[in-house]
Amino acid sequence: MFRMRISPRLRLFLRRISPLLKSTTLLTLCICVIAAGVSLSWPLSPPAVTVFSPPVEGDGADKKEGEKTINVGDFLPFDLKVIFAHGLPLFSYIHKGEGGFRALNSGDFWEWLVGQLTRVDISNPRKIIIGQVPVLGRTDTFGSPGQRLPSWYRQEVATVNPTPSPSRPPSPPLPVGEPRVAIFHTHTSETFLPLHEVTHIYDQVSGIVLAGRMLAQELEEGGVCVLHDQTPHDFQVHREAYGRSAKTVARILQKHPDVEIIIDLHRDAPNVPAAESRAITTNRVGGKETAGILLVVGTDGLGLEHPNWRDNYLFAQEIHQGMEAMYPGLSRGVRTSSARYNQHLFPRMILVEMGGVENNMEEVALGVKHLARVLLGILDQ
């Protein structure tokens, strides 16, 4: 049998260039993948390639006999771009057009890629600007186009000759007296993407303030007097919000020394892709998707005075155990932090993360309702 003899010098040369060949192959493959992404995200060509330019209606020209258009796709029993889209779904999104025809959206791949890497919607300049300079959200020019409140929160609009609605049972009278629960928001601008399409909003009532209103209403309907303080703390310098909210807590305690529970209500924003963020902050309770609740306890880990932080921790554990007993799966647990979050001011003060930035208001409302029932049970003890 004939065998090719390779000289030692050639063998040494091939061994030396082998890593270079591998890296060159990988580079070529990457270039091909990028080229495929560019080609697939480019707008589709017209379905017909014109051989003879057809007359434009109304330009006075008459179509000559024998003129026709040739469709390149007619010569193929399949659509190459659709096949590539099915084989490489990363590079395009497919949607149904008129007549069931499936076409590729232009630019979707690059918008998706930038969104996954930076969480910035490059198709919406207003959101890019507000995301980088949040204070501009307070202006009319850059402000949100308007709240899309869920159906259960929309106010009724008067119409001409409205259809009479069935009478509702009278609401129970609101409790009077000194508040037993105080609710405030260190980050008053926090909101939910399904509600406002931004993570923070300054020119309208934010999603977390709406959640605070709902929590106060649920507790009041349970017979507990509530103070809901809506003082903005993060509209100027965001990092100074806790310094401002500390003054709010001190004022509450000065005016209402008999308050029993103080809640700093937030919404979470995990620094992960949107789908993963939603999975982290959404729990299934009673067969329904519900905004999960995370309890955060501050400590003296940064060296700030907070000698009794374990009292706050025991109170958080009491709320957590109540949620586990009444609504299994609702609680995301109790997390301690090296920051103290103003909890040194009151032993039964807790930071509550109600859902996350990807949750909608129906899910938040369910979480609020369940938390209110747990707090009512603790107050009745």
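Of everything in region 259-315, what is in a loop (DSSP other than H, G, I, E, B) and over 27 Å from Leu379 (Cα atoms)? Give them in sequence order. Correct list: Ala269, Pro270, Asn271, Val272, Pro273, Gly287, Asp300, Gly301, Leu302, Gly303, Leu304, Glu305.
Pull up region 239-251, narrow it to residues that are in contact (Cβ under 8 Å) with a residue 60 or more places away in the chain and over 13 Å from His185 (Cβ atoms), then point me to the one that is surrounded by the most Cβ atoms within 10 Å (Cβ to Cβ).
Only one residue tops the list, namely Ala246.
Each residue in region 332-381 was checked for being surrounded by fewer than 22 Cβ atoms within 10 Å (Cβ to Cβ), among the polar types (S, T, N, Q) and either assigned to a helix (DSSP H, G or I) or in contact with a Leu (Cβ under 9 Å, 6 or more places away or on another chain) (or both), and 3 of them qualify. Among the residues that make up region 273-284, is at least one of them of a type in the set (D, E, K, R) and either buried (at least 17 other Cβ atoms within 10 Å of the Cβ) or at pLDDT below 95 (or both)? Looking for residues that are of a type in the set (D, E, K, R) and either buried (at least 17 other Cβ atoms within 10 Å of the Cβ) or at pLDDT below 95 (or both), one finds at least one in region 273-284, hence yes.
The values are calculated or read from the model by the stated rules, or taken from the named source; none is laboratory data. On a predicted model such as this, the values are computed, not experimentally measured, just so you know. Here Cβ is always computed from backbone atoms with ideal geometry, including for glycine, and neighbour counts include all displayed protein chains.
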